[in-house]
Amino acid sequence: MQRLVLSRHRDPGCPLRGSPSEDRRGSGTGVRGLEKGEAPATIAYLTVTNLDESLTAAQKEGARVVLPKTEIPGMGWHAMVHAPGDVPIGLFQGT
């Protein structure tokens, strides 16, 4: 099984495979293998202008942070929340 994730593709060495956005500034799609113990899932990543504010707003609406703000060197920052109903949603803020 593979996991479909939305991601930016600036780094040709990135382990994600898929189709980047036309202008390479927005999100594209990517597929990666599963980590040990990880369940298959489809995760949408939303591009945000301020990751800290977006995490705070998501928590106020009942989301639970499952991956705190984490740097992606040379690309930006990402985090993941589980929205009510345990729906995973990724957040990405580019540099």
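Derivation of every value follows stated rules applied to the coordinates shown; laboratory data play no part. Note that the structure is predicted; figures quoted are calculated from it, not measured. Backbone-built Cβ (ideal geometry, glycine too); neighbour counts: all protein chains shown.
For V48, the residues whose amide H sits under 5 Å from its own are F92, Q93, G94, ignoring neighbours fewer than 5 places away on the same chain, with H placed 1.01 Å from N.
If you sort the three axes of the alpha carbon gyration tensor as a ≥ b ≥ c, you get a/c of 1.5 or more for region 49-95 and a/b above b/c, which makes it prolate. Phi-derived couplings, Karplus 6.51 cos²θ - 1.76 cosθ + 1.60 at θ = phi - 60°, listed residue by residue for region 79-95: 8, 9, 10, 10, 6, x, x, 6, 8, x, 9, x, 10, 9, 10, x, 7 Hz, with x used for Gly and Pro. The 3J(HN,Hα) values that the Karplus relation (6.51, -1.76, 1.60; θ = phi - 60°) gives for region 53-67 are, in residue order, 5, 5, 5, 4, 5, 4, 5, 4, 8, x, 6, 10, 6, 10, 9 Hz. Gly and Pro appear as x. A cut-off of 5 Å between modelled amide H atoms, ignoring neighbours fewer than 5 places along the same chain, links K69 with no other residue. Once the Cα-Cα distance is subtracted from the 0.36 nm per residue extended length, the R64 to N50 segment shows a gain of 3.3 nm. In this simple spin-label approximation, E71 and E38 carry label points 7 Å from Cα along the Cα→Cβ vector, and these lie 2.2 nm apart.
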